[in-house]
Amino acid sequence: MALAKATAEQIKDLAARYPSRQSAIIPALWAAQHEQGYVTDEAMHEIAEHLGLPPSLIEATASFYSMFLTRPEGRHDVVICINAPCMLRGADEMVAYLERQLGVRDGGTTADGAITWHSTIECLGACGGAPMMQVDHRFEEDLTPERIDAIIERLRTTPASHDAEPKRPSPRPRAKKSQN
Amino acid sequence: MAIKPLLTKDFATENLHQLSVYEKTGGYAGFKRALEMQPDELVELVKKSGLRGRGGAGFPTGNKWGFLPKGMYPRYLVCNADESEPGCFKDRYLIEKSPHQVLEGILIASYAIGCNLAFIYIRGEYLPQTEALETAIDEARQAGYLGKNVLGKGYDIDVILHRGAGAYICGEETALLTSLEGYRGEPRLKPPFPAVKGLYGKPTVVNNVETVCNLPHIVLNGADWFAAIGTPTGRGTRVWCMSGHVNRPGNYELENGTPIRELIEEHGGGVWKNRTLKAFQPGGASMMVLLPEHLDVALDFDAIQKAGSLAGAGAMVVMDETTCMVDAARRYVKFFHHESCGKCTPCREGTFWMANLFDQFEAGDAKPGDIDLLLDIGYNIDGRSFCPLGDASTWFPRSVIKFFREEFQEHISEKGCPFKKSVQEAVA
């Protein structure tokens, strides 16, 4: 599926923001993922075309970063941290509880397509509020079984979050390329 | 200690993230003052203040600026907001509470080094913080702090906020620059240092979020004022991220030189559940473990180093008597294995091998020679990796073997974790 016209325009704008258009690869991948839910081969080819770069370069970058998804997932994305600071505050118990409540294994998607969840060893920067998870990249801290229940309930009944990506930077006065 | 916080002093003010509120607390006065000065004067001021980078290495900020080769332009400032060290969440806090303070620091640093285009590289997971900074940049542009001919002083500056996509290695400054150029986030050989050949091959300064937050205060109050706070080799304050087994985890800004005991016992409310302190780790996942006997060590780069660990990025992970040190080390090792970029063999293969061995300890499959095997692998990674990620992957596990070797032995003799049962009993 081709990228929407607005996404394509956004990618071309991004290329003009940086002293080198190659720097627009990661922001362009974000734009594609935001629109389509994950990064398809077709999207990477299209990004390559818009940026005037070889597709291999786009995929080399996309495959390095853990936040770029290569397959469709549930409407909501739940990531729970199991690194040491979270472990100390009971993250393993929260993971076991989450798994039981959702009825799917780590990395899986619930049958209703609402939630894809996985545990992560990559610290998410909320050790002071451990145990914690991120829901559509938003922080949920000081987890308890009751809080997890409430979050699951909310996610099952809400559409995919369009807030899951930052808003587009507002237009700015910009010289043809950069003043440098 | 009696000293008031510097960076977080106004954090109780409602809506501090808004430009008008930030200005009411004295915001952007430092940048205005800086614009009255010559860039070279600013570099000298920061050198004289003794400010050291807060990202982990503790390199003197003014000296870093001074390394830029004369007459080579364009040059870039990159603010490192890729905070990903397990145990650290201070940059997130500084950005959330006062994004304009971060931005003001960036503007001062940019002016000082003669940069007209600055970048903020923020980790992909920090979405609300990305939004906070984007809004702050828009507000500052509208108010004339950013753009062409800033405040009528003939200085042009723009800031691009660049969102990463999940890679711890990009906190390492050369990997960050590689990532910002659009590539896989792999580190580069140093030298040439970024000051000489950095972003797009141009002279570049990379400064941490907390580092730049100090700048408005130093410009407004002077180098002598700043140098009077803290210790002779650790000026100023640091924001300590405390987590683990304490009653009140969170961020605490304390004067350098404050005893660790004060952070854990007074600010953190002591070890939770009336349990006993077993160990703690200053500096984040990378850093060596310290013991209760080190509680009176000062929160200071040099003092912590003398005690056998490193202050790193200012995390304090507290572990009580029920903690399985083998499992704590296992989590960190698995983290480093996950985050190894794969560029060099000692780190890529070594962290993989260590992670497998730790899993065997956890599963009860470890053999008597495996403790020494872990040490041997660690020895062959540390100092032999391309960048500090590999080196740092070995520091915590090796220090845990040094101080808690018997726990590894128990995992072998009891064919599994001796703590799992006792923890369940303690929690019940």
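When B:Tyr73, A:Tyr18 are compared by accessible area at a 1.4 angstrom probe, the order from most to least is B:Tyr73, A:Tyr18. Scattering from the stretch B:307-428 was approximated by placing one identical point on each alpha carbon and applying the Debye formula without solvent; log10 I(q)/I(0) at 0.21 1/Å stands at -1.21. For chain B, the solvent-accessible area works out to 35 Å² per residue, with a probe of 1.4 Å and every protein chain left in place. Using a Gaussian network model of chain B in which every pair of alpha carbons under 10 angstrom is joined by a spring, one finds that among B:Gly416, B:Gly284, B:Gly198 the greatest mean-square fluctuation is at B:Gly416.
Candidates A:Cys127, A:Ala4, A:Leu98 compared by Cα position along the dipole of chain A: farthest toward the positive end lies A:Ala4, with charges placed on Cβ. Between the Cα long axis of helix B:418-427 and the first principal axis of chain B there is an angle of about 70°, rounded to the nearest 10. Beta bridges from DSSP with both residues in the stretch B:198-349: antiparallel share about 80 percent, rounded to the nearest 5. Looking at the stretch A:76-159, the DSSP beta bridges with both ends there are about 55 percent antiparallel. When +1 charges are put on Lys and Arg Cβ atoms and -1 charges on Asp and Glu Cβ atoms, the dipole computed for chain A relative to its Cα centre reaches about 980 debye. Can you work out the base-10 log of I(q)/I(0) for the stretch A:76-159 at q = 0.11, 0.22 1/Å, using the Debye formula on its C-alpha atoms alone? For the stretch A:76-159, the Cα-only Debye profile gives -0.24, -1.00. Per-residue shielding of B:161-174, expressed as the average number of other chain Cβ atoms within 10 Å of the residue Cβ, stands at 4.
Its Cα gyration tensor gives the stretch B:155-201 an equivalent ellipsoid, and the semi-axes of that ellipsoid, as √(5λ) in whole Å with the largest first, are 18, 16, 8. Looking at chain B alone, DSSP beta bridges between its own residues are antiparallel in about 45 percent of cases. Averaged over peptide A:11-18, the number of partner chain Cβ atoms lying within 10 Å of each residue's Cβ comes to 1. When both the stretch A:1-66 and the stretch B:1-45 are represented by their alpha-carbon centers, they are found 38 Å apart.
Sorting A:77-89, B:158-170 by their mean Cβ neighbour count within 10 Å, with the most densely packed peptide first, gives A:77-89, B:158-170.
When the Cα convex hull of the stretch A:5-69 is projected onto planes of every orientation, the mean area is 3.8 nm². Of the residues B:Phe226, B:Ala112, B:Met319, the one whose Cα sits farthest towards the positive end of the charge dipole of the protein assembly as shown is B:Ala112 (charges of +1 on Lys and Arg Cβ, -1 on Asp and Glu Cβ, taken about the Cα centre).
If you run the Gaussian network model on chain B, springs between alpha carbon atoms under 10 Å, then out of B:Leu77, B:Leu176, B:Leu374 the most flexible one is B:Leu374.
Here the dipole of the stretch B:325-422 is about 200 debye; that uses its Cα centre as origin and unit charges on the Cβ of Lys and Arg (positive) and Asp and Glu (negative). Stokes-Einstein diffusion for chain B, with the hydrodynamic radius set to the Kirkwood value over Cα pairs and evaluated at 25 °C in a medium of 0.890 mPa s, equals 110 µm²/s. All distinct Cα pairs of the stretch B:239-335 go into the 1/r average, and the inverse of that average, the Kirkwood radius, is 13.1 Å.
The dipole here belongs to the protein assembly as shown: it is taken about the Cα centre, uses +1 on the Cβ of Lys and Arg and -1 on the Cβ of Asp and Glu, and is about 1820 debye. Answer with one residue from B:Pro39, B:Leu19, B:Leu103: the one whose Cα lies farthest towards the positive end of the charge dipole of the stretch B:6-157, charges on Cβ with Lys, Arg +1 and Asp, Glu -1. Of the candidates, B:Pro39 comes out farthest on the positive side. Solvent-accessible area assigned to carbon and sulfur over chain B amounts to 52 percent, based on a 1.4 Å probe. Among B:Tyr379, A:Tyr38, the sequence by solvent-accessible area, most first, with a 1.4 Å probe is B:Tyr379, A:Tyr38.
With the convex hull of its Cα atoms as the shape, the protein assembly as shown has an orientation-averaged projected area of 26.1 nm². Computed on the Cα atoms alone, the convex hull of the stretch B:1-108 gives a volume of 147 cubic angstrom per residue. Per residue of peptide B:109-120, the mean number of Cβ atoms on other chains within 10 Å of the residue Cβ is 1. Taking every alpha-carbon pair under 8 Å whose residues sit at least 6 apart, the stretch A:76-159 reaches a relative contact order of 38 percent.
On association of chains A and B, roughly 5000 Å² of accessible area becomes buried (total for both chains; probe 1.4 Å). Taking 18 Å as the straight-line reach from the Cα of B:Lys9, the aspartates and glutamates in range (excluding those fewer than 8 positions away in the same chain) are B:Glu23, B:Asp91, B:Glu96, B:Glu104, B:Glu210, B:Glu253, B:Glu255. In terms of distances greater than 24 angstrom between alpha carbons, the cross-link table entries B:Lys334/B:Lys367; B:Lys70/B:Lys153; B:Lys97/B:Lys306; B:Lys97/B:Lys334; B:Lys278/B:Lys402; B:Lys64/B:Lys197 yield B:Lys97/B:Lys306; B:Lys97/B:Lys334.
The values are calculated or read from the model by the stated rules, or taken from the named source; none is laboratory data. Quantities reported herein were computed from a predicted structural model and do not represent experimental measurements. Cβ coordinates were reconstructed from backbone atoms using ideal geometry, including for glycine residues, and neighbour counts include every protein chain displayed. Calculation scope for accessible area: heavy atoms of the full protein, side chains included, ligands and nucleic acids excluded. Shrake-Rupley method; radii C 1.70, N 1.55, O 1.52, S 1.80 Å.
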